[in-house]
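Trainee: Right, I'll just put the structure down here and ask away after.
The values are calculated or read from the model by the stated rules, or taken from the named source; none is laboratory data. Keep in mind the model is a prediction, meaning the values are calculated, not measured. For neighbour counting, all protein chains shown are included, and Cβ atoms are generated from backbone atoms with ideal geometry for every residue, glycine included. Side chains included, ligands, DNA and RNA excluded: accessible areas come from the protein's heavy atoms. Shrake-Rupley method; radii C 1.70, N 1.55, O 1.52, S 1.80 Å.
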Amino acid sequence: MTDVAPQLGAEYANFQFEVYGAGLEGRLPTLPMSAAGLQERARQALSEAAYGYVAGAAGSEQTLRANLQAFERWRIVPRMLRDVSARELGGSLLGTTLPAPLILAPIGVQSIIHPEAELASARAAAGLGLPFIHSTAASRSMEEVAEAMGDAARWYQLYWPQDRELAASFIARAQRAGYGALVVTLDTWLLGWRPRDLEHAYLPFLRGEGVANYFSDPVFRAALERPPEENLAAAVAHWASQFANPSVTWEDLPWLREQTTLPIVLKGILHADDARRAVAAGVDGLLVSNHGGRQVDGSIGALDALPAVREAVGPELPVLFDSGVRTGADVFKALALGADCACLGRPYAWGLAIDGQSGVQHVLRCLLAELDLTLALSGHQHVGEVDGAALIRQA
């Protein structure tokens, strides 16, 4: 892999001078610099079905739009005459060191985006020192991704299957492979109604894509009469019987706690009452998310839910955020409204589609540079200083 040394403080912002300096030599960027430009270039690179799978959302896609509109309602109020010559973006979260408050969100079935799939994304994250959350619904197994990342920080996202023995196996494998936290997705016990995918009759898992963690699992394989290599259809059918598990409730969390010593983060919390119940259940962190709008059409924008969740749990419990993050300014706003860290989703997928590992690194460096500049230009030295006073809500 090609390593990019982790950059701290003002060095993130210096990425723009690399670009300008190259321009003096007649070299223009080969990749788009904006979120919209990245998405358009990725649309051109991907098949219509694959692009629709990543870009699409539930129903009329109101929730996807609500996520973006929620960011637009908040405006940054810069403060002047403050020494921002040196900045610090780093910190730690649940025992994981962060060079910046950014983690790569779990995105499944990345093989439909690029042949190297999660390996390319994980290596890009590792090269910048950023944690990568590996999805249960991945095209490469958790062990392959761990090997590709070496000692770099990584977390594992669990889709809780029907079979508890299989769930326990996933969790044990992740712990053995050096994953530092368990992120349990709560909002996808069933797949949402996704018209773009339905119009293409396209669910990649049914074609054997995005099932590497299942097909490599000893418990999953033991349940098959023949291994997936010999009977793909039967293996896919067993996957379909395992993936959806709408019977899970709060009463099942103690069993989950018994399976691992890893920190447990609940992903998909949007209501303050659920946040308080999670605290009572003893979880280690929350991830405020509506799955990027992919599950419930007409849901609350995730950023709109963030302040109430933070208020419900108090200042100490780690709260992460995803859904709608497109820019460094978005990350800043999420921090100001109560998040300890933001998780980036679709934008890095567009980078992956365009140029593999290098494309993902480009997206991350652009976002980190903008975050660093936004921090400085708003009058802050450290991400920990950013709070609600930095924003004003538009009517």
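Trainee: Whole angstrom only: what separates the Cα centroid of the range 49-108 from the Cα centroid of the range 175-224?
Mentor: Going from one Cα centre to the other spans 24 Å.
Trainee: Which percentage, to the nearest 5, of the DSSP beta bridges contained in the range 38-161 is antiparallel?
Mentor: Numbers: 3 of 8 bridges.
Looking only at bridges with both residues in the range 38-161, the antiparallel portion is about 40 percent.
Trainee: With point charges of +1 on the Cβ of Lys and Arg and -1 on the Cβ of Asp and Glu, referenced to the Cα centre of the chain, which listed residue (V288, Y20, A45) lies farthest in the positive direction of the dipole?
Mentor: Going by the charge dipole, the pick is Y20.
Trainee: Sticking with this structure for a sec: Sorting check: for 200-209, 300-309, which peptide has the highest mean count of neighbouring beta carbons within 10 Å, and how do the rest follow? Walk me through the intermediate numbers first.
Mentor: Values: 200-209: 16.0, 300-309: 22.5.
In decreasing order of mean packing, 200-209, 300-309 become 300-309, 200-209.
Trainee: Need the C-alpha centroid separation for the range 14-48 versus the range 362-395, integer Å.
Mentor: 22 Å
Trainee: On the accessible surface of the range 46-171, probed at 1.4 Å, how many percent belong to carbon and sulfur atoms?
Mentor: Details: 2130 of 4440 Å².
Here it works out to 48 percent.
Trainee: What is the magnitude of the charge dipole of the chain about its Cα centre, with +1 placed on the Cβ of each Lys and Arg, -1 on the Cβ of each Asp and Glu, and no other charges, expressed in debye to the nearest 20? Mind dumping the intermediate values first?
Mentor: Details: 31 positive and 44 negative charges, 128 e Å.
Computed about the Cα centre, the dipole is about 620 debye.
Trainee: Next up: How much accessible area per residue does the range 115-180 have, in Å², with a 1.4 Å probe? Write out the running numbers ahead of the final one.
Mentor: Working: 1890 Å² over 66 residues.
Computed with neighbouring chains in place, this is 29 Å² per residue.
Trainee: Let me ask another. Note down the magnitude of the dipole of the range 74-223 about its Cα centre, charges +1 on Lys and Arg C-beta and -1 on Asp and Glu C-beta and zero elsewhere, to the nearest 20 debye. Mind dumping the intermediate values first?
Mentor: Working: 14 positive and 15 negative charges, 93 e Å.
For this selection, approximately 440 debye.
Trainee: Regarding the chain, what whole-number volume in Å³ per residue does the convex hull of its Cα atoms give?
Mentor: Numbers: hull volume 54.2 nm³, N = 395.
Convex hull of Cα atoms, per residue: 137 Å³.
Trainee: How much area per residue is accessible in the range 211-343 when the probe is 1.4 Å and only protein heavy atoms are counted (Å²)?
Mentor: Numbers: 5070 Å² over 133 residues.
Accessible surface, normalised per residue, equals 38 Å².
Trainee: Separate question: Which listed residue (G314, L93, L391) has the Cα farthest towards the positive end of the charge dipole for the chain, taking +1 on Lys and Arg C-beta and -1 on Asp and Glu C-beta about the Cα centre?
Mentor: L391
Trainee: Could you tell me what percent of the DSSP beta bridges with both partners in the chain are antiparallel, to the nearest 5?
Mentor: On the way: 6 of 31 bridges.
Taking every DSSP beta bridge within the chain, about 20 percent pair in antiparallel fashion.
Trainee: Could you tell me whether the range 190-285 comes out rounded, prolate or oblate from its Cα gyration tensor? Rule is a ≥ b ≥ c as square roots of the eigenvalues, rounded for a/c under 1.5, then prolate if a/b exceeds b/c, otherwise oblate.
Mentor: Details: a/c = 3.02, a/b = 1.52, b/c = 1.98.
Oblate, because a/c is 1.5 or more while a/b does not exceed b/c.
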